[in-house]
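Below is one structure, written out as structure tokens; the observations come after it.
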Number of protein chains: 2
Amino acid sequence: MAKHQEIQTELLRRVTRGEWPPGASIPHEAALAEEFGVTRPTIARALRGLVDSGLIERKRRAGSRVALRQSAEVVLRIPVVRDEIEGRGGRYDYLLLDRRVARPPAVVRAALQLPATGRALELRCLHFEDGRPFQLEHRWINLGLLPDAAGQDFVAASANEWLVRQVPYTRAEHVLRAAAATPLEAEALQVDPGSPVFLIERTTWVDDEAITHVRLAHPAASFRIVTRDGR
Amino acid sequence: MAKHQEIQTELLRRVTRGEWPPGASIPHEAALAEEFGVTRPTIARALRGLVDSGLIERKRRAGSRVALRQSAEVVLRIPVVRDEIEGRGGRYDYLLLDRRVARPPAVVRAALQLPATGRALELRCLHFEDGRPFQLEHRWINLGLLPDAAGQDFVAASANEWLVRQVPYTRAEHVLRAAAATPLEAEALQVDPGSPVFLIERTTWVDDEAITHVRLAHPAASFRIVTRDGR
DNA sequence: GAGTGGTCTAGACCACTCG
DNA sequence: GAGTGGTCTAGACCACTCA
């Protein structure tokens with residue numbers, strides 16, 4: 001094992017064993033370098049991983065401390081519906097419900113940064129797992145950025161699969177929330193109106209131009225997101 | 001900005017803009033070092049972040065390639081309720097509802113890795129924003145690992161604030177989902193029974209021992225999670 | 001065998017921030 | 001002002017793996 005890795009493991013052990021409790025300051029780099037018989041950059045590298053994972057906080061002049069961790073940043077996989085379903089051995093089906101060019105509602109217009117009179121390509125489609133509705137997708141595509149989208153019928157392949165081949169996005173924003181199913185969602189997802197759904201709203205941009213905004217609704221009973229583990 | 005960071009950003013741009021498409025091989029370290037006018041360790045550091053995030057794959061002798069499977073991972077912050085509320089200028093209040101030692105249900109017992117007869121400290125408390133219920137917390141604390149918890153009353157300070165001073169966690173798992181409010185949740189949160197709630201279930205460990213399992217329920221109407229920027 | 005990545009050293013300069 | 005972390009260089013050796 002690499003030295004920096006061995007040192008990181010040992011430092012982690014000292015923290016988890018309570019040798020360095022939360023809030024305690026730990027020796028500075030020079031002292032650790034001497035203790036472990038390595039140079040300072042090697043110690044810095046060992047500490048970097050602990051800082052990135054939020055276990056240790058460092059400040060110039062003030063030194064390094066074991067963090068009092070109230071919260072942490074966690075990494076989530078926002079699943080691609082087809083991969084998710086096929087990944088657990090399910091049968092995936094796709095159905096285009098609706099496709100037209102229209103004026104998006106204000107919320108979507110803002111997300112896509114369209115003018116008040118702007119129009120966009122609106123798509124609704126359903127994704128099935130083993131024949132049961134799994135996800136209702138309601139998407140708006142910015143035709144100003146992707147005029148070719150108007151020529152696609154999106155019957156055989158979903159918009160997402162087409163989009164990823166057209167433009168790599170440079171930025172994405174996700175909003176996760178719960179809501180009561182709208183009548184339209186309830187019908188499509190075959191759940192009772194007002195029953196809970198899990199919503200993922202994603203907007204993607206290339207540089208500062210919005211490509212698409214999509215609302216993904218899942219029946220609450222059959223959907224959850226689990227964090228990938230920190231290490 | 002640090003050189004390695006600038007270089008990483010530029011390399012990321014080349015990948016996301018399609019200059020280096022998935023599967024393409026990218027110049028080796030020595031070539032990049034010459035191009036950017038830095039030494040090889042600096043290039044290595046810039047690439048390390050891209051490798052860690054799964055964007056690039058590297059093999060000795062074979063060189064570096066843009067990964068074929070682009071993982072759609074996003075980073076988000078699981079907020080700390082008090083920070084979140086006070087951060088947007090709201091008034092935060094806290095109320096302990098219930099506190100006892102009990103046998104947890106099977107789901108929690110599994111999360112805490114307790115034997116069938118195991119007991120744990122059970123807490124229920126409410127967090128308010130401007131006097132309105134914002135989050136219902138239902139927590140189980142592993143007394144085997146934290147016997148001192150039995151001596152805390154958790155009236156003035158929430159369990160979370162006490163816990164972070166006791167032991168730093170080394171691993172956490174979060175499950176995010178939507179559900180219909182249980183009668184108990186509906187009453188505490190002052191919403192209609194069956195109305196949607198957003199649930200965060202978190203288990204934290206130190207090494208391989210579970211510290212605590214907590215279920216945080218939010219009224220759907222007043223809660224959402226937004227991703228921190230793409231990278 | 002040779003080319004590539006993986007790592008480490010020794011030294012250096014700088015930036016930040018606390019006292 | 002001084003102590004700490006943050007970073008970079010120049011060079012080196014090694015490990016792995018492909019041809």
- Task: Being over 30 Å from B:Asp148 (Cβ atoms), in contact with a strand residue (DSSP E or B) (Cβ under 7 Å, 6 or more places away or on another chain) and buried (at least 16 other Cβ atoms within 10 Å of the Cβ) narrows it down to one of B:Ala180, B:Ala186, so name that one.
- Result: B:Ala180
- Query: In region B:7-34, what count of residues is obtained for those that are more than 14 Å from chain A (Cβ to nearest Cβ) and within 13 Å of DNA strand C (Cβ to nearest atom)?
  - Reply: 10
- Message: So, in region B:179-227, how many residues would count as being within 18 Å of the chain's Cα centre (by Cα) and facing chain A (nearest Cβ under 7 Å)?
- Response: 8
- Given (1) facing chain A (nearest Cβ under 10 Å); (2) within 14 Å of DNA strand C (Cβ to nearest atom); (3) under 31 Å from the mean Cα position of the chain (by Cα), index of the condition B:Val75 fails: (2)
- Message: Going through A:Glu173, A:Glu137, A:Glu122, A:Glu84 one at a time, which residue ends up being touching a Cys at 6+ places or on another chain (Cβ under 9 Å), acidic (Asp, Glu) and surrounded by 15 or more Cβ atoms within 10 Å (Cβ to Cβ)?
- Response: A:Glu137
- Message: Kindly evaluate A:Pro168 against the criterion of being over 30 Å from A:Gly49 (Cα atoms) and within 14 Å of chain B (Cβ to nearest Cβ).
- Response: no
- Only residues that are closer than 15 Å to A:Trp162 by Cα and touching a helix residue (DSSP H, G or I) at 6+ places or on another chain (Cβ under 7 Å): list them for region A:125-142, please. A:Arg139, A:Trp140, A:Ile141, A:Asn142
- Quick one: would you say B:Val108 is modelled with pLDDT of 90 or more, within 14 Å of another protein chain (Cβ to nearest Cβ) and either out of contact with any Phe, Trp or Tyr (no Cβ under 7 Å at 6 or more places or on another chain) or not in a loop (DSSP other than H, G, I, E, B) (or both)? no
- Message: Step by step: first the residues of region B:35-72, then only those that are under 24 Å from the mean Cα position of the chain (by Cα) and away from chain A (no Cβ under 12 Å), then the one that is nearest to DNA strand C (Cβ to nearest atom). Which residue is that?
- Response: B:Val51
- Task: Please work out if B:Pro105 is surrounded by fewer than 13 Cβ atoms within 10 Å (Cβ to Cβ) and not hydrophobic (A, V, I, L, M, F, W, C).
- Result: yes
- Query: If the Cβ limit is 9 Å and pairs must be 6+ apart or interchain, which residue in region A:110-125 that is without any contact (Cβ under 8 Å) to a residue 12 or more places away in the chain pairs with which residue that is small (Gly, Ala, Ser)?
  - Reply: A:Ala116/A:Ala106
- Message: Filter region B:42-87 down to the residues that are at pLDDT below 85 and in contact with a strand residue (DSSP E or B) (Cβ under 8 Å, 6 or more places away or on another chain) and list them by number.
- Response: B:Ser53, B:Gly54, B:Ser71, B:Ala72, B:Glu73, B:Val74, B:Val75, B:Leu76, B:Arg77, B:Ile78, B:Pro79
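The values are calculated or read from the model by the stated rules, or taken from the named source; none is laboratory data. This structure is a prediction, so every number in the text was calculated from the model and none was measured. For neighbour counting, all protein chains shown are included, and Cβ atoms are generated from backbone atoms with ideal geometry for every residue, glycine included.
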